[in-house]
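Here's the structure we're looking at; comments come further down.
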Amino acid sequence: ILIGSVPKGGAILRSSARAGDLVYVTGELGGAAAALDALRKRSAGKVRASDYRRHFHPTPRVAIGQFLRLKKLASAMIDLSDGLSTDLRHICDESRVGATITGAAVPRAIVGRPARQVELTAALHGGEDYELLFTASKTKRIPDRILGVRVTPIGELTRRKGMVLVNDGVRCKLEPRGWEHFRH
């Protein structure tokens, strides 16, 4: 159990995003899911913790969340514990907006030995990376790095409900396929 507090009226909610806001993520995604996949397969021999840091040594981005709150940069925010597609759905549903995500913009983790970039599917749907997903008005200047961690714009919120993935010029519906509480 984790308990925390925030000054009254200072919380960044999932329900406060607006159509037109940009969608951002911190760090790289899919590393924890790739580690679980390697552990299941064990096809590459021993799985080394140093090759899969996001799974074996996760770093929750609490300080970055505090920075975003103090600087009043984020309109909505959630940690990426359930996977990008699922956690983005939470923001979209609670804020009553949709989203368009650019597949090529999603930062994907480099894992394993030999080192390789994870598949887009792992970055979209894998969980347990403990990065942050947040939205911000286009009028806000979001730094490329916060506290040494890369921050990447990956899409935009829309008035039209639903989530869309644009990958190699092809638009398709982005379904939440990460962890769904009460389903597993």
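The values are calculated or read from the model by the stated rules, or taken from the named source; none is laboratory data. In this text, all values refer to a predicted model and were calculated from it rather than measured experimentally. Here the Cβ positions follow ideal geometry from the backbone for every residue, glycine too, while neighbour counts run over all protein chains shown. Only protein heavy atoms, including side chains, enter the accessible area calculation; ligands, DNA and RNA are left aside. Shrake-Rupley method; radii C 1.70, N 1.55, O 1.52, S 1.80 Å.
Quick notes on this structure:
- Any hit, the stretch 117-127, residues being more than 17 Å from L73 (Cα to Cα) and assigned to a strand (DSSP E or B): yes
- Count of residues meeting criterion [open to solvent by less than 70 Å² (accessible area, probe 1.4 Å), at pLDDT 90 or above and of a type outside the set (D, E)] in the stretch 1-49: 14
This table checks each residue for (1) within 22 Å of A11 (Cβ to Cβ); (2) touching a strand residue (DSSP E or B) at 6+ places or on another chain (Cβ under 9 Å).
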position: R61; (1), (2): yes, yes
position: Q66; (1), (2): yes, no
position: D79; (1), (2): yes, yes
position: R89; (1), (2): yes, yes
position: P114; (1), (2): no, no
position: L132; (1), (2): yes, yes
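- Meets criteria (in contact with an Asp or Glu (Cβ under 8 Å, 6 or more places away or on another chain), open to solvent by less than 40 Å² (accessible area, probe 1.4 Å) and under 30 Å from D37 (Cα atoms)) for S75: no
- The set of residues in the stretch 149-170 being over 17 Å from L73 (Cα atoms) and either open to solvent by 70 Å² or more (accessible area, probe 1.4 Å) or not polar (S, T, N, Q) (or both) consists of R159, R160, K161, G162, M163, V164, L165, V166, D168, G169, V170.
- If you check I154, I91, I142 for being part of a strand (DSSP E or B) and in contact (Cβ under 8 Å) with a residue 40 or more places away in the chain, only one passes: I154.
- Of all residue pairs spaced 6 or more apart or on separate chains, those with beta-carbon atoms under 9 Å, a first member in the stretch 22-33 that is at positive phi and in contact (Cβ under 8 Å) with a residue 24 or more places away in the chain and a second member that is open to solvent by 20 Å² or more (accessible area, probe 1.4 Å) and part of a loop (DSSP other than H, G, I, E, B) are G27/T59; G27/R61; G27/Y130; G30/E119.
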